[in-house]
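Right, one structure below, let's go through it.
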Amino acid sequence: MVTLIIYVFMLKNYLLIAIRNLSKNKSSSFINILGLVIGLCCCLLIGIYIKNELSYDRFEKNGDRIFRVIMEYSFNGSTASKKGNFTSMKVAPTFKKKFPEVENAVRMVQYPRVIRYKDKLLNEKKFMYVDSGIFKLFSLALLEGNPQTVLHAPHQLVVTKSTARRYFGNEDPIGKLVQVGTDSVPFLITGITQDYPENSQIKFDFLASFTSLDMGEEKTYWDANYTTYLLLKNPATANALEQKINAFMNKEMAGQGASIQFSLEPFLRIHLYSEYGGFEPNNNIKYIYILEGVALLLLIIACFTYINLNIARSVERAKEVGVRKVIGAGKGQLFWQFIGESTMLCLIAVILSFVAAFFLLPFFNGLTAKELPTRALFSYDIIIGALVLTFLVSLLAGSYPSILLSKIIPVKVLKGSFKNTGSGQWIRKSLIVFQFFISVLLIASTLIMQKQLSFIQNKNLGYNRDQVLVLPFDREMLGKMQVIKQEFRSGGNIAGISVCARTPVDIQSGYNMRSSLMPENQQIAVTADPVDNEFIQTAGLHLIAGDDFSDQDIKDALHPVGGSPLYHFILNESAARVLGWSPEQAIGKKMFLDESRPGYVKGVVKDFNFESMHQAIKPLVLFPEDWANNLLLKLKGGNIPQTIAYLESKWKTLIPGRPFEYHFLDDDFNSLYQSELRLGKVLNVFAGMAIALACLGLIGLSSYSAKQRQKEIGIRKVLGAGVRQMMALLSVEYVKLVIIAILLASPFSWIFMNQWLQDFAYHIPIHWWLFGVAGSLVILVALVTVSLQVFKAAIANPVKSLRSE
């Protein structure tokens, strides 16, 4: 009992000493707490973001047994192949029937659809056609309806709870009919499902029965426009099943002049590891590692600031320690006292960091394009993680100063001969170098990343995306196309109008082609896009040989008189090259696109980036067809709001069955680089945080350094030294340390960013002056920070400093 009372008394005494020290050294305590708050707050925000990204699809009870089918095809005699998350309708039923390892298979495809119910008319982006087996694969909770029957027949719909509320309010939607598409096909609502979580790669508002597509079970593997998921009985059989599938496909494709291979992609790895797109944009595991590294480095800078300031303050606390050792305090007591002070300070910083993160979360959400809830900050694992982090930071940041002070010899201290020199000085300088090493690393990396993003934004892509409107379009509207163009042009601010299947920013449709000199069983995989005769002009493509499409070319392909369709094609340079022609030689040559489209080359356009710059430019064919998804309008310039208002009024008159919607082609372009743009914004902010933390440390250290050298400064001033000389003398030590940090950080930054740039087929070179800019910026900030503290000491009255000594 007595021992317990003694321990309680000691703890109370230690707490009072800690509070007095914090109060006595307000500036250093403030800097320590502020530095830790910034570091911990950044860690909390990055932590909940990473937690959200890593949690994608983890709620799926069958997640480890679900695999996405990836198709790769090539043609005999061609080294080119095309690979992606597309399959034909035939794959799912065939694999389910042929391979006992497959428990179930589901086909899915997402199309925007116009939905009409009473006075509501909306264009829904998240409208999916799915097989009824989807309820066996995914963890879809039906609130109403039978999973065995809700999507069993054509023209049946399951809606999410939020969609039901949006259309029907408090009414029960079950049994109601909605009109789907511009041709107003009635669909019966048979079920309501819970809204899928935000951390899912499959998000939808409507699920329509796959049989509504009315295409039957296709007999070919080539119409690859659908996504197929397999549910395996045992995930361990995935590799063996993949081999069996490809052996089966070798037999299926024998003698057809082509090869099709399938691979199985684990569903839980798609969001962070897949190079293929999906229903939702993927992230990149590399960017998660980068953010983890940034969070760790920011926390390290904050800890090093704390350690440095405590080492610098060790001289001031040396007498206190000496007196306590004389009256009987042991090393262990002193060590744990300082660790306790460190823990208390860290706990204060943790509490404040949670408060800061709470208020900064909306800004962080805007930065990352996420909707992370505030409750994510106060989840069990985040709080436990923060407490563990507090203990580790307290131990790591407080250990060295505690050991240093607990080892001092009382006699030397009380005689006034203790100085913070030797290993303490070396460690302090090393920590400063490492802090600025991290700052330079982040700033240089950010500069290179921003320069690459600027290169992407400003590179001549071979087409014009400025002031180009994109309006969603339907095949049914093609009959009115000439009237629509005429009415839109009457507004006077339209430079070009065109329809196309895919915009020039992102063309992905796969076809095959051959010249008339190639055997029928020898094909070349190619990307192609159905367009009209104004696409070249509207998109701003550069025709380098031949001519643009004419009205007659469109009629020959779509409305032939007394004969078979005859197509005219426009190739890009790469397509002409793989067919063995120069642009001039290609004109007039006969070729085939998917055998069903015989025709002649009408023109050749200069290569342009019709995919992300992560990909090299591939062969491309433009051709006329009787379907389209987009209407492109090139605007002349000013009065854009008035032009859009005019277009909307005309649209409502000409196309009353479809809501007026638009976006700019630039939006499509930026969507290709969402992950990079988000990472660039985040790094901008956290690079600023890194330099701010490093400067906080410099403020404290330079202030203590100036205070310790008061007598030297006073003597030098008495002997005639000016303020400028004193500032140069006291600043040069820190400038040397920053220069060492720059020299060390530059090669590391070059290695990291060169690796990042390899993900782009087209990227900037890394110039040496980028590191010079980063280094100069850091030196400038460091000089300003140190100079402000040194200036105060340099202008002080030398008489006071000498008298105080």
With a Förster distance of 35 angstrom and the Cβ-Cβ distance between Asn670 and Trp768, calculated FRET efficiency to the nearest 0.05 equals 0.70
Amide H within-cut-off set for Ser132, under 5 Å, with H built and near neighbours excluded: Phe210
Hey, what's the stretch 631-672 come to in accessible area per residue, 1.4 Å probe, Å²? 47 Å²
Linear extension gain, Met253 paired with Trp426, 0.36 nm per residue minus alpha-carbon span: 55.2 nm
Pairs from Lys480/Lys652; Lys97/Lys244; Lys589/Lys618 whose Cα-Cα separation, in the structure shown, is over 18 Å: Lys589/Lys618
Distance (nanometres) between label positions extended 7 Å along Cα→Cβ at Trp222 and Thr149: 4.2 nm
Calculate one ³J(HN,Hα) per residue across the stretch 440-453 by plugging θ = phi - 60° into the Karplus curve 6.51 cos²θ - 1.76 cosθ + 1.60, and present them in order as whole Hz with x for glycine and proline. 5, 4, 5, 5, 4, 5, 5, 4, 5, 5, 5, 5, 5, 5
First measure r as the distance between the Cβ atoms of Lys51 and Asp195, then evaluate 1/(1 + (r/R0)^6) with R0 = 22 Å and state the FRET efficiency to the nearest 0.05. 0.60
Which FRET efficiency, nearest 0.05, do Ser596 and Gln450 yield, Cβ-Cβ r, R0 60 Å? 0.80
Once the convex hull of the C-alpha atoms of the stretch 605-678 is built, how many Å³ does it hold per residue, rounded to a whole number? 168 Å³
Along the stretch 104-112, Karplus-curve 3J(HN,Hα) (6.51, -1.76, 1.60; θ = phi - 60°) to the nearest Hz, with x for Gly and Pro, reads 7, 9, 9, 9, 9, 8, 10, 10, x
Checked against a 23 Å limit on the C-alpha separation, the offending pairs among Lys286/Lys451; Lys61/Lys98; Lys125/Lys681; Lys82/Lys251 are Lys61/Lys98; Lys125/Lys681
Tell me the per residue accessible area of the stretch 573-612 using a 1.4 Å probe; a whole number in Å² is fine. 39 Å²
Percent of accessible area on the stretch 92-138 owned by carbon and sulfur, 1.4 Å probe? 49 percent
Compactness summary of the stretch 46-155: radius of gyration and Dmax from Cα atoms, Å, are 18.3, 57
Protection proxy ranking of 635-647, 442-454, 741-753 - average other beta-carbon atoms within 10 Å, highest first: 442-454, 741-753, 635-647
With every protein chain left in place, what is the accessible area per residue of the stretch 171-256 in square angstrom, probe 1.4 Å? 46 Å²
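The values are calculated or read from the model by the stated rules, or taken from the named source; none is laboratory data. Bear in mind the structure is a predicted one, so any value in this text is a computation, not a measurement. In this analysis, Cβ positions are derived from the backbone assuming ideal geometry, glycine residues included, and neighbour counts consider all displayed protein chains. Only protein heavy atoms, including side chains, enter the accessible area calculation; ligands, DNA and RNA are left aside. Shrake-Rupley method; radii C 1.70, N 1.55, O 1.52, S 1.80 Å.
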